[in-house]
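The values are calculated or read from the model by the stated rules, or taken from the named source; none is laboratory data. Values in this document were obtained by computation on a predicted structure and should not be read as measured data. As a convention, Cβ positions derive from the backbone with ideal geometry for all residues, glycine included, and neighbour counts pool all protein chains shown.
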Amino acid sequence: MTKLNINKLKIAACEQTELNDFGEGIFLEGLQKMIESINQEANLIDVGNDAQAQRIIGLLINRLRFEDDLKKYSEILDHKIISPIVIVGLPRTGSTMTHRMLAADENHTAMLWWEGRYPSMLPNEKRGHPIDRMNLGKAEVEAVVAASPDALKIHPWDYKGADEEILLLEHNFMSTVPESFMRLPTYSAWIEEQNHKVAYQDLKKWIQYLQWQNPGREEKRWVLKSPHHLGFIDKLIEVFPDAQIIQTHRDPIKTVPSFCSMCANLFEPLAIDFDKKFIGAHWGNKLSRALNHCMEVSKIHKDNFLDLKFENMIKDPIDEMKKIYEFIGEPFGERTELAIQAWQEENKHEMGAHKYELADYDLTKEFITENFKDYKARYINVT
């Protein structure tokens with residue numbers, strides 16, 4: 001198997017774009033660390049290795065075009081991102097439902113899946129006319145679902161649906177995306193040691209770029225969402241000090257093995273072999289640290305946070321949405337309620353059940369109880 005080489009990947013991206021300025025920042029160091037970890041630890045099959053090469057080239061192409069547009073159109077960074085609404089919570093806590101219901105409001109906007117994968121304008125593309133990139137996103141989602149029909153049980157794949165801006169964070173090579181589908185312990189450790197303020201400053205630029213691309217979007221309020229933010233929520237607040245953060249909660253005994261199941265489904269087609277026990281240990285500990293970190297930050301920034309329980313959201317989503325609207329200081333009128341109800345009707349069969357057991361990932365109830373005890377005491381074991 002040919003090992004990945006950072007210089008060859010950069011050259012490939014430059015040749016395809018006829019550009020050579022990747023911008024400044026730590027991201028090239030992150031790319032090198034990730035490549036070293038892939039080469040030494042991921043144990044990928046040839047197809048998986050080739051897929052990673054193409055994924056990285058795609059990210060570099062986006063980066064080159066992004067930096068080129070920032071130079072051409074200086075007004076991009078003049079765009080204001082005011083008081084974004086940020087959804088955080090582990091998968092299967094109701095965070096995706098909350099995110100997409102808020103994004104259904106005509107006064108809000110969110111990154112769409114195709115925008116996350118293809119955020120940079122193509123050569124000769126006019127602002128407000130991204131049809132070619134939309135079609136690229138559509139084809140990619142169709143390929144994913146065709147290759148793994150069970151993927152829809154784990155994540156609501158929709159190329160034109162609101163999705164996680166961690167796809168944008170991937171472009172600075174400081175996101176947790178790669179370790180969700182590859183064994184990369186060295187890269188993961190490096191990520192946790194970094195100051196992620198630079199990553200969120202970069203994310204803000206990408207959001208400004210998307211806003212600039214779509215005239216009229218500047219009148220709307222951004223809705224962001226990703227479990228990734230839990231571990232770096234203090235840096236997000238530094239960059240977006242007026243962010244209003246909605247944290248969704250559910251017993252980790254339900255959410256942690258579900259997340260591990262998602263990772264296992266992503267690992268399987270790429271690796272020569274993959275160890276479910278590694279996935280359980282890696283993510284069990286990482287998610288615990290992330291939740292505990294967010295919990296401590298929320299004690300300092302109480303006014304920035306609203307807590308929602310999964311059970312309440314499932315029982316009466318409209319009532320919970322009214323609480324959210326009161327928190328974000330917006331009226332919850334009939335038009336808003338109708339938009340949310342329409343989204344619910346369209347997506348009521350969006351996700352199915354997928355099976356998983358704690359033991360599959362060498363996790364135990366005792367491990368969950370011990371590692372998440374402070375989180376459960378504050379958010380779960382209360383009435």
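Here are a few things to note about the model shown:
- Residues in region 231-246 that are in a helix (DSSP H, G or I) and either under 20 Å from T96 (Cβ atoms) or touching a residue at least 60 places away in the same chain (Cβ under 8 Å) (or both): G231, F232, I233, D234, L236, I237.
- Options F278, F310; residue that is among the hydrophobic types (A, V, I, L, M, F, W, C), out of contact with any helix residue (DSSP H, G or I) (no Cβ under 6 Å at 6 or more places or on another chain), more than 19 Å from H99 (Cβ to Cβ) and modelled with pLDDT of 90 or more: F278
- A189 falls short on exactly one of the conditions (1) touching a residue at least 12 places away in the same chain (Cβ under 8 Å); (2) surrounded by fewer than 22 Cβ atoms within 10 Å (Cβ to Cβ); (3) not polar (S, T, N, Q), and that condition is (1).
- The conditions of being on the phi > 0 side of the Ramachandran plot and touching a residue at least 60 places away in the same chain (Cβ under 8 Å) are not met by R63.
- So L287, is it touching a residue at least 24 places away in the same chain (Cβ under 8 Å), more than 27 Å from A377 (Cβ to Cβ) and surrounded by 16 or more Cβ atoms within 10 Å (Cβ to Cβ): no
- Test: L224 is among the aliphatic types (A, V, I, L, M) and outside any helix (DSSP H, G or I): yes
- Residue count for region 1-53 satisfying the condition of being among the hydroxyl-bearing types (S, T, Y) and under 20 Å from S188 (Cβ atoms): 1.
- Any hit, region 20-42, residues being assigned to a helix (DSSP H, G or I), touching a His at 6+ places or on another chain (Cβ under 8 Å) and under 29 Å from K197 (Cα atoms): yes
- Some residue of region 20-37 being more than 24 Å from the chain's Cα centre (by Cα) and either within 26 Å of F267 (Cβ to Cβ) or surrounded by 15 or more Cβ atoms within 10 Å (Cβ to Cβ) (or both): no
- Residues being in contact with a Gly (Cβ under 9 Å, 6 or more places away or on another chain) and surrounded by fewer than 15 Cβ atoms within 10 Å (Cβ to Cβ) - total across region 101-139: 1
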